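Take a look at the structure set out below.
The values are calculated or read from the model by the stated rules, or taken from the named source; none is laboratory data. Just so it is clear, the model here is predicted, and its values are computed rather than measured. Cβ: placed from backbone, ideal geometry, glycine included. Neighbour counts: every protein chain shown.
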């Protein structure tokens, strides 16, 4: 007999996403999964939401049309639940972009954006990725010791995004500064970076509209689907989204993958000898320690059953993709990095209608980067001990501040 859904909107205890959680989220995910695949949590901002931690339930939730992503709907629900919140609260100031929209708006935007992310367009970007990668490695080769984050991991994605958008090379340093400041949680620098970036992009869109090139932004400006095109505001939001998601997530992927290679010489040797295994390794890096812990926020437009839990209408929902990717029901020995396993069904890029449109590009960029790094510097190793690395919080979760490496053979 089917199990009756539980209405636990008021009876379930609320877990707090405090410093202990952010210091070791996977320890909490393991404990929470033992209780069930869905629970309630309270974020540091005070927002109470449902959190999905089981793989099967997360996969189902990500494609559930009852879980909405409309920026207007999220803002309205947040204001109703938290009328005392300041006007600049994050959930009351969401961009109205592809990520924060529902059908039919999402379908319309996706059709237009997909025209700029075809298989052919992405394949044409590979020579640019290889050229940029090799240029950065040439600069690294002039030194015996470098910070891999500063010299390779951080500049590669932002240079690629700039090339894709047709940003002149002289303007790239400004883009790199904006990218860094946009990943500050709060503060005047982040707000000012958004204003400066949108102002720059507005001028860039005007120039591309008058004199289109072969770049992605020109393709987005002139894309047509069912007789429609992107509005000016949609173009700006999409360009910002490309910078934030295309830069931030790729930086995290390159960071965690590089750290895994540096900590396990046998892994590096295996991939150096067998470069064809790199695409699978990239998927395993994404499963094991992907750039996203929680999906962007959703809300229930109507009661929705997830697993055995009946969530009422008007509730916020997060999908803990990092927890789902470590669910023993999904993979055996989930806390072990294993590039031999099939990790292609991980949720690091999402699932369903909102699956990351840039996933094929991110996979290719990471594969090219790791391949070139391994072949160019066979003696690459940490400069110091793992325990010497310094971490800081980004959106609560720990991330490296630097990754010092030596390039020359050990003496």
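If you check residue 347 against the conditions, is it surrounded by 20 or more Cβ atoms within 10 Å (Cβ to Cβ), assigned to a helix (DSSP H, G or I), modelled with pLDDT of 95 or more and touching a helix residue (DSSP H, G or I) at 6+ places or on another chain (Cβ under 9 Å)? So residue 347 does not fit the description; no.
Residue-wise test of (1) modelled with pLDDT under 95; (2) outside any loop (DSSP other than H, G, I, E, B).
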residue: 357; (1), (2): yes, no
residue: 360; (1), (2): yes, yes
residue: 363; (1), (2): yes, yes
residue: 368; (1), (2): no, yes
residue: 371; (1), (2): no, yes
residue: 398; (1), (2): yes, yes
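Per the listing 172, 205, 251, 186, the residue uniquely surrounded by 13 or more Cβ atoms within 10 Å (Cβ to Cβ) and either at pLDDT below 80 or within 20 Å of the chain's Cα centre (by Cα) (or both) is 251. Residues in the stretch 373-396 that are modelled with pLDDT of 90 or more and out of contact with any strand residue (DSSP E or B) (no Cβ under 9 Å at 6 or more places or on another chain): 373, 374, 375, 376, 378. Among the residues making up the stretch 38-62, those that are assigned to a loop (DSSP other than H, G, I, E, B) and at pLDDT 95 or above are 53, 54.
None of 230, 236, 220, 242 is over 25 Å from residue 43 (Cα atoms), under 25 Å from the mean Cα position of the chain (by Cα) and part of a loop (DSSP other than H, G, I, E, B) except 230.
Taking the stretch 66-107, which residues are in contact with a strand residue (DSSP E or B) (Cβ under 7 Å, 6 or more places away or on another chain) and part of a helix (DSSP H, G or I)? Those that are in contact with a strand residue (DSSP E or B) (Cβ under 7 Å, 6 or more places away or on another chain) and part of a helix (DSSP H, G or I): 73, 74, 77.
For the residues 48, 53, the requirement of being in contact (Cβ under 8 Å) with a residue 60 or more places away in the chain and surrounded by fewer than 18 Cβ atoms within 10 Å (Cβ to Cβ) singles out 48.
Annotation for the stretch 289-298: at least one member residue is crowded, with 21+ Cβ neighbours inside 10 Å, modelled with pLDDT under 95 and not in a loop (DSSP other than H, G, I, E, B).
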